[in-house]
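Novice: I have a structure here, written as structure tokens, and I will follow up with some questions on it.
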Amino acid sequence: LTRLDALERYVLLDDARTEGAAPARLYRDPVAEMAVAGADDLPRLFERLRAAQADGLHAAGWLSYEAGHALEPRLADHVSEGRLGWFGFFEDYTEIAPGDVPALLPDGDGASLGPLVPDIDEADYRSAIARLLEWIAAGDIYQANFTFRAYAAYAGHPAALYARIRERARAGYGGIVHDGRQHLLSFSPELFFALRGGEIAARPMKGTAARLPDPALDRAAVADVQSDPKQRAENLMIVALLRNDLSRRCQ
């Protein structure tokens, strides 16, 4: 197989867990592709995805978080400008044993990532949190996922950076998308959803534990998270929310 830094457009879906990892999938050389330039393109994208499936093609790519605003009528006014996604359409994929994935990646020693710099200062952050707490206390919202962007300088090829982080993150739902214009690297430990036949599964995560150098200590920290009343309440909350969201689509 050709190393990833030599490919023009591809999607790698990678399971880097140390135990029970599933084979990786590499989609390369799309027979067609579609970039989502804005909210108006989303209906056309979904039509092409359905048509590709009917034609026996595989679709792999990305949608931005902001694309969700276009799918919820009450949030349509908050859709940001710019590309909302990209999908390639592939005739097939190559299955790769978990232990063989590093050989497809450039040397991670040639890449580095600088300090993360938030795009929000402390005063604005505290102000936003105060507003969220007021809305929760008033009963206007149940919970909020308050996030912000952070920026960092990097050196080396993006696939080399992925190789370096992969060894530490050991994410179960990692991967790289290169759409010919940009690279997207993923190191997610969380399954958003999987649809197999008529069954849909989601494995959300909540709670926080410090990363420790010894994997055995990491497992002990996870056990502490599972038994802590606050952490367990967070997990039960996200399970309830996902159950509610899925019930809107699954009959």
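Novice: State which residue is surrounded by the fewest Cβ atoms within 10 Å (Cβ to Cβ) when the search covers only region 110-152 and only residues that are within 18 Å of Gln182 (Cβ to Cβ) and touching a residue at least 40 places away in the same chain (Cβ under 8 Å).
Specialist: Leu113
Novice: List the pairs whose first member sits in region 180-202 and is within 30 Å of Gly156 (Cα to Cα), whose second member is among the charged types (D, E, K, R) and modelled with pLDDT under 90, and whose Cβ atoms are under 8 Å apart, counting only residues at least 6 apart or on separate chains?
Specialist: Glu190/Arg203; Leu191/Arg203
Novice: On the basis of being small (Gly, Ala, Ser), under 23 Å from the mean Cα position of the chain (by Cα), at pLDDT below 85 and surrounded by fewer than 12 Cβ atoms within 10 Å (Cβ to Cβ), does Ala210 make the cut?
Specialist: Yes.
Novice: Looking only at region 153-177, filter to residues that are within 21 Å of Glu8 (Cβ to Cβ), of a type outside the set (Gly, Ala, Ser) and not in a helix (DSSP H, G or I); which one of those is least open to solvent (accessible area, probe 1.4 Å)?
Specialist: Per the criteria, the residue is Ile176.
The values are calculated or read from the model by the stated rules, or taken from the named source; none is laboratory data. Model, not experiment: these values are computed from the prediction. Cβ atoms come from the backbone with ideal geometry, glycine included; neighbour counts cover every protein chain shown. Just the protein is used for accessible areas: all its heavy atoms, side chains included, with ligands, DNA and RNA removed. Shrake-Rupley method; radii C 1.70, N 1.55, O 1.52, S 1.80 Å.
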